[in-house]
Each structure stands twice: as C-alpha cells, then as structure tokens.
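This report concerns only the one structure given below.
The values are calculated or read from the model by the stated rules, or taken from the named source; none is laboratory data. All of these numbers come straight from a predicted model, not from anything done at the bench. Ideal geometry is used to build each Cβ from the backbone, glycine not excepted, and the neighbour counts take in all protein chains shown. Just so you know, the surface numbers come from the protein's heavy atoms only, side chains and all, with ligands and any DNA or RNA stripped out. Shrake-Rupley method; radii C 1.70, N 1.55, O 1.52, S 1.80 Å.
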Amino acid sequence: MNLGRIGGLLSRHLYLYKRSFARLLEIFYWPFLDLVVWGFITMYLKEAGVSLHGAVAFFLGALILWDVLFRAQQGIAVSFLEEMWARNLMNLFASPLTVGEYLVSTMIMSMLKVIAVGSLMMVFAWVFYSYDMLKIGISLFPFILNLVVSGWIIGVLTTSIIMRFGQQAEVLAWGMVFLFQPISCVFYPLEVLPPILQSIAWMVPPAHIFEGMRTVLVDGAMPVDHILWATGLNLFFLVIIVGWFYHTFNVCKDKGMLVRVGE
Amino acid sequence: MSKPIVEVRNLTKRFDDFTAVDDVSFDIQEGEILGLLGPNGAGKTTTIHMLLGLITPTSGTIHMFGLDLAQHRETILRQVNFSSTYISMPFSLTVEENLKVIARLYSLQNIQKRIDEIIEKLEMGDIQYKLTRKLSSGQMSRLTLAKAIMTEPKVLFLDEPTASLDPDIVNKIKIFLKEYQRTAGLSILYTSHNMREMEEMSNRIIFLQHGHIVAEGTSDQIIQRYGQRDLEEVFLKLARESKEK
C-alpha cells in the first residue's frame, strides 16, 4: 500500500467538492431535507398521541444512522461513477495504483462523507428537534463504525456490478442500498417482519445495529451481542466482497471492459 | 540502440471467438521509436492496452526492463506512461490539479517544480489554471502528453497522439516529441494513421493486419518489399488486400 497514491486519488475527489455546488448539495441539502421531513412526522405522531415510547429518538436516531450507511455506500459507488463519467479509469489503472489502493482511497472518501453528513445531521437534529444523538452513549461509536463498514460492503458490491455491466447499471449507485432497507429494520423492530425475512435479517449487519439502537433507547443497556454479531458479519462480508471485487476487476481486464466502461 | 527494453513474445488476445491480436512478437530497443501501423481493428490499441496492463493477454508474455509485466506491474508501470487523443482527464479539475493527481499516483518528488517545468516545455502557461472541460482538443492533447511526459517514463506509448488535430499543433507535438525522445533517450511505441508522420517519427515500423504482423522493418525496407512508392501506398495495398480476404 502506497499512501502517496492513496492520497493522490483522494485529492482528485476532494478537488471536485471544492467547486461543485451539486456535490455539496449531496452532503448538505438532501440530509437536511430528510431530517426535516422525518422530524415533522415524529412531531405529528407525538401530537396525535400515538403511543410510541421515545418516538423522536427512534425515528431521528434511525434516520441519522441510516444516512451513515447510505453515504458510506455512496462514497464508494459514486467515486467509481466519477471516474467512469470522466473516462479516467485508464489513467488510473495504467498507473502504478493498485486495486487495493483504489479501494482504500474510496473507503476513506466515504468516511469523510459520513463525518460531514453525520455531524451536520446531529447538529440539525439538536437545533431543530432538541434531539441529542450523543445520548445513545458509548454504543454510538461501534454503531457508526459498523454501519460505515456495511456501507462499504454494499458500495463495493455496487461498484463491481457497475464495472461489469457499465452505464446501464449506474442507477444502482443510488438504489442498491434501498434493497437492504426493508431487512435492515431501520424504522421498525425486527419482530414485525415475517419469520422468513426475520431469518434473513439476522444475517444482515445493519439489522443488528438498528436493533441495538432500539435496545439502548429502551433499556439504556449496551447491546454487546448485537455489536459483536454486526462486527463479525461485517468482517465476513467485507472479506468476501473485496475478493469478489478483485475477481470482477480481473474478469473486466480479461474481457477488455476496463478500457470501455462508460462508453 | 542496445538491449531491448520491451520484449513481447507470442502475444495473443481473443475476445470470445474474435482474435484481436494473434501471436505477435516484437522488441523495442532502448531509445527507439517503433511505429505500429495498421488499419482500424488491426489490433494496435489492444496491443497497447495489454502493454499497459489494462487488458489481460490470452497467451504470450510481456517483459519490460527485463521484468514480467504480469508479476511486476507496479515496478514497470512506474516507468511507463501513455497518451492518446482518445483519452480524457477529469473535466471538473483544472489542468494543474489533474497534473498534481497524476504526479501523486506516480510518487513524484518536487511536484510543483515538475509541473511548472512541463507547463513551460509544452507552452501551457495560459491554461495552467483553466478547467479541463474548457480546453480545446489541441490543448487537451497537450495535457495528456504533459501527464505522460511529466512522470519521466522510460517507455512511452502514444496511441494516435495527433489524430484530429490541426497541422500546426501536430507539427509542434512532433517536434517536441522528437526533441524530448532524443534528449531523454526514451523508447516510444507510436501508432498513427498518418503515413508521413509515421515515416518521420519511427526508426522501425511494424505493420499489423487482423492481429498479425505482416511486415516489419524500416519504412524504406517495407516500401521496397512491397514495390510501392511510399508507405501510404503500402498501407492502401495491404488494407485493400485485407478487405478482399
């Protein structure tokens, strides 16, 4: 791993944000809008007297954590799309940059996005709805870390599909993560799912995180079992998906698709 | 001319049932400009992509600086670069930002100094801080050439570097390349559809057709072998024969 090359690729993406209003919107505007809509929904539920313990904490906490997952995934997939749109993949992969360095660089980019979006949403939630996300306590750190890794896994999967199938698959950069939303149990407890989906959901790391978050909010206890399950599953899927990405990269090189992707 | 710096042996690339490059072998000597000539679809660009590690060969070997590309990709690519009229660079970055990114990817030292030098050499001072999307095609060609030269490669692959450019820019690029190649002593693999340019630039030429090497030698040797007046006539003869087949 060459840190200079990783930094080089990272700087290429940071230059983009320096002068792109549309890309800044992605970090500031959309998360803010999400928060406003869900904030009003929770206020409505509260005023309507819907009996739901800690409704604000449930929905706003879940929304902020969901955005962590979403932005982490986008950080990976959209970075690849940027290279594809700019027809820059040849410049990158004809250089000494390795596939591993490429992945690490996009992972750091996704982490930077998560820090920007997450911090902003926490501040907005505190200012507009008096919701203090930090009240989740020490568990918040492993929650966020696990969701970032889950986002990387979905992002790398999305990227490998786009690399293999080209522009026709680029919509997945925004849509893929939503395939996992129903079984991630973001806004509802896992037991509301039909039994078959419950079994699948237990294999999905974010489901453990969102269940864990609800445990903290209801009991105040640190959900060690959920954190351990999420961490173990994430490590397992990360190894599998990175291996899959290398395989797809080699298939694309073999089929000559790396030089044609984006055409 | 001394030892071969690039050694290609029995290089073949098949895409399903289509053979793009078929059992091609050649060397590039240190300080040599080798021209790769052939009609569209002859396998020139696929050959260059394999030499850059962007396409995996079906069979055959590529050695550069005595090392196998399949096993020493990073070491080799640090000393190699390429330019083509058909490649692009990120449009939302300025010329200087793009060069900085490339410099970091190739682990260059004194980046700003290198950039300033290449900007001066290629007379790009007026576009240094310009967004890449605002460049004309001639300026874009200079940028892709700058990114290739800046890394001080020992081997340079130029895939139609002057295609669709006006004669004045073509002339400037050719003069620069010749001078730079002479002083830096680098080896170049050059493809072009412009026969006169090919004769001017290359020490030796390989003629590819349907992925095969059909002729190899200096331009005079090839012209003589085919009994034509110039390289363009040889090209037309071979290209038409190829269509008839």
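Could you list all residues from segment B:97-126 that are loosely packed, with under 13 Cβ neighbours inside 10 Å and under 14 Å from B:Glu152 (Cβ atoms)? B:Gln109, B:Asn110, B:Lys113 - these are the residues of segment B:97-126 that are loosely packed, with under 13 Cβ neighbours inside 10 Å and under 14 Å from B:Glu152 (Cβ atoms).
If you go through segment B:1-11 and keep only what is open to solvent by 10 Å² or more (accessible area, probe 1.4 Å) and either among the aliphatic types (A, V, I, L, M) or assigned to a strand (DSSP E or B) (or both), you end up with B:Met1, B:Pro4, B:Ile5, B:Glu7, B:Arg9, B:Asn10. Checked against the criteria, B:Val21 does not count as more than 14 Å from every other protein chain (Cβ to nearest Cβ) and either farther than 22 Å from B:Phe235 by Cβ or in a strand (DSSP E or B) (or both). Considering the conditions (1) of a type in the set (A, V, I, L, M); (2) surrounded by 20 or more Cβ atoms within 10 Å (Cβ to Cβ); (3) in contact with a Ser or Thr (Cβ under 6 Å, 6 or more places away or on another chain), B:Leu177 is excluded by exactly one of them, (3).
Residues considered: B:Tyr129, B:Tyr190. Of these, the only one that is in a loop (DSSP other than H, G, I, E, B) and touching a helix residue (DSSP H, G or I) at 6+ places or on another chain (Cβ under 8 Å) is B:Tyr129.
Just so you know, in segment B:52-82 the residues that are among the polar types (S, T, N, Q) and at the interface with chain A (Cβ under 10 Å from one of its Cβ atoms) include one that is surrounded by the most Cβ atoms within 10 Å (Cβ to Cβ), and it is B:Asn81. A:Asn91 satisfies every condition listed in (1) within 14 Å of another protein chain (Cβ to nearest Cβ); (2) open to solvent by 10 Å² or more (accessible area, probe 1.4 Å); (3) in a helix (DSSP H, G or I) except (2). Residue selection: A:Met43 fails the criterion of being in contact (Cβ under 8 Å) with a residue 12 or more places away in the chain and within 14 Å of chain B (Cβ to nearest Cβ).
Can you tell me which residue within segment A:228-261, out of those that are among the small types (Gly, Ala, Ser) and outside any loop (DSSP other than H, G, I, E, B), is surrounded by the fewest Cβ atoms within 10 Å (Cβ to Cβ)? Filtering first and then ranking leaves A:Gly243.
Of the numbered conditions (1) in contact (Cβ under 8 Å) with a residue 12 or more places away in the chain; (2) within 14 Å of chain A (Cβ to nearest Cβ), B:Ile111 satisfies every one except a single condition; which is it? The failed condition is (1).
Residues satisfying the criterion are absent from segment B:222-240 (criterion: basic (Lys, Arg) and buried (at least 16 other Cβ atoms within 10 Å of the Cβ)). The requirement of being in contact (Cβ under 8 Å) with a residue 24 or more places away in the chain, of a type in the set (A, V, I, L, M, F, W, C), under 30 Å from A:Trp244 (Cα atoms) and within 14 Å of chain B (Cβ to nearest Cβ) is fulfilled somewhere in segment A:94-102, by at least one residue. Evaluated against (1) surrounded by 15 or more Cβ atoms within 10 Å (Cβ to Cβ); (2) at pLDDT 95 or above, A:Val216 falls short on exactly one condition, (2). Set side by side, the residues A:Ile6, A:Ile64 differ, and just one is within 10 Å of another protein chain (Cβ to nearest Cβ) and among the β-branched types (Val, Ile, Thr), which is A:Ile6. With respect to B:Glu123, is the statement that it is part of a loop (DSSP other than H, G, I, E, B) and modelled with pLDDT of 90 or more true? Criteria not met by B:Glu123.
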